[in-house]
Amino acid sequence: MIQARDLSVEIGAHDILRGIDLALPPGRITGLVGESGSGKSMAALAIMGLLPQGMRASGRVDLDGQNLLDLPERALCRIRGRRIGMIFQEPMTALNPLMTIGDQVAEVLRIHQGLDRRAALDHARDRLDRVGLTTPRFPLTLYPHQLSGGQRQRVAIALAIALRPDLLIADEPTTALDVTTQARILDLLRGLVRDEGMALLLITHDLAVVAGIADQVAVMQRGAIVEQGPTEQVFRQQRHAYTRALFAASTHQPRLVLPSTEPRPLLQVTGAVREYPLPRRGLTGRRESLRAVDGVSFRIDAGESVGLVGESGCGKSTLTRAILSLDPLQGGGIRFEGQDIRAGRTMPRALRARMQAVFQDPFGSFDPRWRVERLLAEPFHLTGRPRDWREQVAEALFEVDIPGDALHRHIHEFSGGQRQRIAIARALIIKPRLIVLDEAVSALDVRVRAQVLDLLAQLRRSHGLAYLFISHDLSVVRQITDRVMIMQKGRIVESGPTHAVLDRPQHPYTQSLLAAAPRIPAEWQAPAQADKTAATPAPS
Amino acid sequence: MLRYVIRRLISLGLSLLLASALIFSVVELVPGDPASFMLGTGAQPETLAALRQQMGLDLPLPLRYLHWLGGVATGDLGHSFTYKTPVAGMILDRMQVSLPLALLALVLAAAVALPIGMFAAARRGRAGDTAVMATVQIGIALPNFWFAMLLVLLFAVNLRWLPAGGFPGWDHPAAALKSLLLPAAALALPQAAILARVLRSALVDTLGQDYIRTARAKGLSAGQALRRHALRNALIPVLTILGMQFSFLLAGAIIIENVFYLPGLGRLIFQAITQRDLIVVQGAVLVLVAAVILVTFLVDLSYALADPRLRA
Amino acid sequence: MRAALILGALLSGLALIGALVSFLWTPADVTQLAIAQKLLPPSGQHWLGTDHFGRDMLSMIMVGARISIAVALVAVGIGMGFGVPLGLLAAARGGWLDEVVMRGNDLVFAFPSLVIAILITAALGPSALNAIIAIGIFNIPVFARVTRGGALPIWTLDYIRAAQVAGKGATRISIQHILPNIANLLIVQGTIQFSLGILAEAGLSYVGLGAQPPTPSWGRMLAEAQTMVALAPHVAIIPGLAIVVTVLGLNLLGDGLRDALDPRLRRSP
C-alpha cells in the first residue's frame, strides 16, 4: 500500500501543500477533489517525485516501508512506471508525436525489464488490447495523430499500467474529453482497478465524477485536505463548510426567468449549411467535404435563453461563427431582427451592435496590453463613442460587480471569474438584444461558475436579453436555459423546453448523452438541499 | 506522402524558374548596351557584334530569356568572352573546391553543435549552461573571414601545421583535404555556435512538453527522456536552420576562398566582376542559388521523413 | 538576465558613441597619410597603433563604425518597412495570399545578401548603397516571417473574435491588437538583424562589394591588413575585435530585451 503522511511541499517561503495524509489501498479508488490551485496536482507530482524545479517536499510517501522522498533519483526511476504509473489531463499532447504507439508502450517494458524490442512489442499488444485498442483496428504501428483524444488517453493508460503498478495516478484524465468518451474511460479505469487490484488516485474538479466512481474521497482546499472518508459518507454528511459550498455550487439553480408571453422572433436560422473540404485521398481521389453544419433551422425569441448542446466536432462552433457573421454560410439563411445576415464583413454596424458575444477563454478574451476602460469601450466602434462613454463603462462594470478602480488596470490583474464578468460587461456596453455565450462558463471553477450564472440570470431579467448558450455541459444548460437544442454531426437532432428534453429525452443520442453524464445520486444530497433535488435529473 | 512530395516538387520547379528569371534580368540593369558594357569603350566593332550575336541582343527580352533557359536546361551556360571557354565547364571545375568546402564545414558545424546544444539543454539554467552559452555568444559574433585570418596566424604562420592558402588539386587528396581544413573550420565555427544555440532552445522547448512528463512518469531518467524523446522532436526546427545554413555556408565559402586563395567559385565570381564578364557571373550565381533551392527542397523532404504527421 | 541587457547595451554602445564622436573629433586625422609611422604597435601616442599608411587605428575604427552602423540600421529599416506589413497581411488574410507571400519569402531566402550584392555590383559597380540594398532585401523575408509567426497564434485568440464582433476589420485589428502584441518580438529581431547586418557589411566590404575607398570601414581595414598579418598582427586583430564586440553587444542586448519584454516573465500581480 502507498501512503502519504504529513506530506508538505514548499517553494521558497511559500507553502504549496500542508500536511497531506492519504492512504491509497490496493483495489480501491480514491478521489481527490478541489478547485484549480488547490494543490491536488502538486500532491500527485510529489508522490511521483516529479515536482518542478525549486520545489521541496517533506514528510513521508511510504511504499513497502520505504520513504520515497528519501530515495535517490536513480531508485525513483526504477519505481516510476513499474510501481506507480501516471496519466495526465491532455491526451492530445501526452504522447510523443514521432513514435508509434506500440513503441511508446513497449518502452516501459524495455527500460524496466530489459526486454528486446520484439518481446516488448508483443507485451504492448496485450496491454493495448486490454485498454480496448484491439487488433486489427489499432495496429502497433499507428502514430498518436491518427487517434482521437479518447483513444490517445487509452494509449496513455496502457503505458501507465503496462507493468501492473501498485498505484495509478490519474490527473483529470477525462476533463479534456467529451462526456460519452469520459464515461467509457472511467469504465475502463474502474475495470482495471477491479481486475488488476491496483490502487487508483483520481484527481478531478468534478464532484459528480467522483460520486460515480470513487470508494473514498479527499477534499482539498488551499494545499490542505479539509475532509476525507468513504465517498457516500462525505457526500451525505458534508461536515466541512468548504465541502458544503462546493456541493451547493455544483447543483446551484439561478432564479428562474419567465419568458415573455408574446414571443417575437429575434434570430431565425433556416437550413444553414456550411462545408469544409477534406484533404484529397491519394492523388486522383475525389475531393470530399465535411458538412460541419447540415441544414440547421431554429429560432430564438426576444428575451429567450436557448441552449445549444453537443460534443466537440458536432458543428456548434461553426454555427456560432456563422451567426456572429464571422464566417459565411454556403446554404440557408440567418435573419436577425428581421434583416438578413450575409456573413462576412457586410453585416451593418447597427445590426451587429444588437448582437454581442462572450467567449470561453477568460485568459484569451482580452488584449493583454489594453486597460479595462479601453477594452470595455471597444464595441463602441459599432455605434460611435458617446460623449459619456466613461460613465457608461463604469456603469457596466458596476452591473457585473467589478470595483470601479478596475478601469485603469490591465486584464492580468483579474481572476478567471472576474474576467468573465468583464467580458459580460463588454458585451452589455452597447445594449444588445442577443448575447451569444460560447462555453462562457466552462473554464470556471464550480463556485465561480454558480456566481456568473446568477449574474447572467439577473441581467436577463433587468435588460430583457436573449441568450444563445453554447455548451457541452448538460447541467449548466439545465441551469440557465428555457429551451435546448441537441446537435450531433451537424444536425439538430432534438429540441424543446429544457426540462422536457433533459428529463424525457426522445432521441437516442440525447439519451446516450444523459446516460453518460456523471451525476451525484439524488439520495446523497444533504437534507438542507433536498428542495433542490427537483433540479437534478431523474436517473434514466 | 506522395502528395507532399509532388507539391514540393512543383514549388521547387517554380522557385527555380523565378530565380532564373531574376538572375537573367540582372543583365538588363546594366546602363546602356550589355555587350558594350562588358567589352568596354575600346572594343573592336567586330568583337562587339559577335558578342551581341552570342547574347542574342537583337531578340526581344522574353525570347532571349527562353533561349537562355533552353541553354541552361541542356547544361549550356554560354561562353565566357574573357576565357573563351564554356561557362559550365569553368563552374564545374571550381565547384570541385567550393562544394567539398561547404559540405565539410556543414558536417563540422553539426558535429560541434550537437554535443554542445545537448550539454547546455541538459543543464539548462545551471552554471554549465551559462558558461557554454556565453562562449557560444562569442562564436556567433565572429566574422568568419576574420576568424580565418586568426587561424592562419596561429596554425600556418606560427605553428606551421597547415598551409596558409592555395589548393593542390584533388590529384593529391591528402594535401587537398589538409588545405581545406582551416577554411572549413573558419566557416564552420560561427555556424556551429548558431546551430548549438538553436538546438539548445529547441531542446528546452521540447523538454517542457507533456510527452516528456509522460516519459518521466514511465521511469525514464532525465537524460533518457532527453535522448529518446526530446532530441528527435527538437531536430525538426534544427533541420530548418541547418538548411538555411547551407546557403550561408556557400556564401561564406565565397568570402573565405579569398582569405585562403582557393580556386573556387568565389574567386571565379570576383575575377568575372572585375572583368565585367556578366555571362560568367550569371552562370555562377545561378548555380549557387539553385544549390540553395535544392537544399531547401531536400530539407522539406526530410521533414516528412522525421515527422509522421506530414506523411499522411 | 538583467546583466546581459546592461553588458549588451554597454558593448554595442561603444560603437555608437565612437561613431557619433567621430563626427566632432577623432584622435588623429584619418585622411592624413604618414608612411614613416606605418604599422606602429599600440602605444601611448597611438592607443591602437597605426596601419600600413601610418593612420591612427583608433580614429579609423571610430570613423569606420559610421558606415557599419548606417548600413545595418537602414537595412533593418528596409526589412521592417516591407517585411512587417507583408507578414501582417499574410497572417490576416491567409489562404492563397499567405501562400504567395511565404513562397516569395522562400525565394528571397535563396539569395543570400552576398549573392544579391554580387549581382548588383556586377551590373552597377561597387558602392556602400549596394550593401544596404543587398542586406535590406535579405531582411525583408526575415521580418515577414517573424511577423506572421507572431501574428498567427494571436489571430486564434478570443480577443480577436471580440474585436470582430465589435465590427473591426482585419486592418484595424492588425494595427490595434496584433502589432502592439508582437512589438517585442520585432524589437528583439531588430537587434539580431542589426548585428547580422554589421557582420554582413563587414563581409561585403572585405571582398570589395561594400564601402569603397577612401571611406574607412571595418571590413576593408581587414582586407587591407590581410597581407600584413604576420608582420603586424594588430592591424588585423583590432578591426575584427571591433566587429566582435559590437555584434556580441547587440546579441546580448537582444537576449536581454527578449527576457525583459517577455510578458510571461514580467507578469506579477
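The values are calculated or read from the model by the stated rules, or taken from the named source; none is laboratory data. This is a predicted model, so every value here is computed, not measured. No Cβ is skipped: glycine too gets one built from the backbone with ideal geometry, and neighbour counts run over all protein chains shown. Ligands, DNA and RNA are stripped out before the accessible areas are found, and what is left, the full protein with its side chains, is counted by its heavy atoms. Shrake-Rupley method; radii C 1.70, N 1.55, O 1.52, S 1.80 Å.
The table that follows gives values for the structure above.
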{"quantity": "The lone exception for B:VAL152 - which of (1) more than 22 Å from B:ARG227 (Cβ to Cβ); (2) part of a helix (DSSP H, G or I); (3) away from chain C (no Cβ under 13 Å) it fails", "calculated": "(3)"}
{"quantity": "Some residue of segment B:197-205 being assigned to a helix (DSSP H, G or I), acidic (Asp, Glu) and open to solvent by 30 Å² or more (accessible area, probe 1.4 Å)", "calculated": "yes"}
{"quantity": "Residue identified as crowded, with 23+ Cβ neighbours inside 10 Å, more than 23 Å from the chain's Cα centre (by Cα), within 14 Å of chain A (Cβ to nearest Cβ) and modelled with pLDDT under 95 among C:ALA162, C:ALA170", "calculated": "C:ALA162"}
{"quantity": "Identity of the residue in segment A:33-82, among the charged types (D, E, K, R) and more than 9 Å from chain B (Cβ to nearest Cβ), that ends up nearest to A:ASP6 (Cα to Cα)", "calculated": "A:ARG60"}
{"quantity": "Residue in segment B:301-312 that is open to solvent by less than 30 Å² (accessible area, probe 1.4 Å), more than 18 Å from B:GLN96 (Cβ to Cβ) and more than 9 Å from every other protein chain (Cβ to nearest Cβ) present", "calculated": "yes"}
{"quantity": "Residues satisfying the stated conditions in segment A:479-504, i.e. more than 25 Å from A:GLY271 (Cβ to Cβ) and buried (at least 20 other Cβ atoms within 10 Å of the Cβ)", "calculated": "A:GLN479, A:ILE480, A:LEU502"}
{"quantity": "Hits in segment B:273-291 - residues which are at the interface with chain C (Cβ under 8 Å from one of its Cβ atoms), over 23 Å from B:PHE246 (Cβ atoms) and among the aliphatic types (A, V, I, L, M)", "calculated": "B:ILE273, B:LEU278"}
{"quantity": "Those residues of segment C:152-189 which are assigned to a helix (DSSP H, G or I) and of a type in the set (Ser, Thr, Tyr), in sequence order", "calculated": "C:TYR159, C:THR171, C:SER174"}
{"quantity": "Criterion: touching a residue at least 12 places away in the same chain (Cβ under 8 Å) and open to solvent by less than 20 Å² (accessible area, probe 1.4 Å) - qualifying residue of C:ALA75, C:ALA110, C:ALA92, C:ALA123", "calculated": "C:ALA75"}
{"quantity": "Output for segment A:296-335, where each listed residue is under 22 Å from A:SER471 (Cβ atoms), part of a strand (DSSP E or B) and either open to solvent by 10 Å² or more (accessible area, probe 1.4 Å) or touching a Ser or Thr at 6+ places or on another chain (Cβ under 9 Å) (or both)", "calculated": "A:VAL296, A:SER297, A:PHE298, A:ARG299, A:ASP301, A:SER305, A:VAL306, A:GLY307, A:LEU308, A:VAL309, A:ILE334"}
{"quantity": "Set B:ILE212, B:ILE140, B:ILE236, B:ILE194: member being in the same structural domain as B:ALA120 (by TED's automatic domain parsing) and touching a Ser or Thr at 6+ places or on another chain (Cβ under 8 Å)", "calculated": "B:ILE212"}
{"quantity": "Residues that are outside any loop (DSSP other than H, G, I, E, B) and under 14 Å from A:ARG335 (Cα atoms), drawn from segment A:263-277", "calculated": "A:PRO265, A:LEU266, A:LEU267, A:GLN268, A:VAL269, A:THR270, A:GLY271, A:ALA272"}
{"quantity": "Residue selected from segment B:218-235 under the condition within 16 Å of A:PRO144 (Cβ to Cβ) and within 7 Å of chain A (Cβ to nearest Cβ), by the criterion most open to solvent (accessible area, probe 1.4 Å)", "calculated": "B:ARG232"}
{"quantity": "Top-ranked residue of segment B:133-149 - restricted to ones that are among the β-branched types (Val, Ile, Thr) and at the interface with another protein chain (Cβ under 7 Å from one of its Cβ atoms), ranked as surrounded by the most Cβ atoms within 10 Å (Cβ to Cβ)", "calculated": "B:ILE140"}
{"quantity": "Which numbered condition A:PRO362 fails, given (1) farther than 17 Å from A:GLN268 by Cα; (2) at the interface with chain C (Cβ under 7 Å from one of its Cβ atoms); (3) crowded, with 21+ Cβ neighbours inside 10 Å", "calculated": "(2)"}
{"quantity": "Close pairs (6 angstrom Cβ cut-off, 6 or more residues apart or separate chains): within 7 Å of chain B (Cβ to nearest Cβ) in segment C:192-217, of a type in the set (A, V, I, L, M, F, W, C) anywhere", "calculated": "C:LEU199/C:VAL247; C:ALA202/C:TRP218; C:ALA202/C:ILE243; C:GLY203/B:ILE255; C:TYR206/B:PHE145; C:TYR206/C:LEU222; C:TYR206/C:ALA223; C:VAL207/B:ILE255"}
{"quantity": "Residue check for C:MET102: closer than 30 Å to C:LEU152 by Cα and either within 14 Å of chain B (Cβ to nearest Cβ) or touching a Pro at 6+ places or on another chain (Cβ under 8 Å) (or both)", "calculated": "yes"}
{"quantity": "Subset tally (residues that are surrounded by fewer than 17 Cβ atoms within 10 Å (Cβ to Cβ) and either at the interface with chain B (Cβ under 10 Å from one of its Cβ atoms) or part of a loop (DSSP other than H, G, I, E, B) (or both)) for segment C:227-244", "calculated": "3"}
{"quantity": "Any hit, segment B:119-130, residues being polar (S, T, N, Q), in contact (Cβ under 8 Å) with a residue 12 or more places away in the chain and assigned to a helix (DSSP H, G or I)", "calculated": "no"}
{"quantity": "Condition check for A:ILE341: touching a residue at least 12 places away in the same chain (Cβ under 8 Å), among the β-branched types (Val, Ile, Thr), within 10 Å of chain C (Cβ to nearest Cβ) and in contact with a strand residue (DSSP E or B) (Cβ under 9 Å, 6 or more places away or on another chain)", "calculated": "no"}
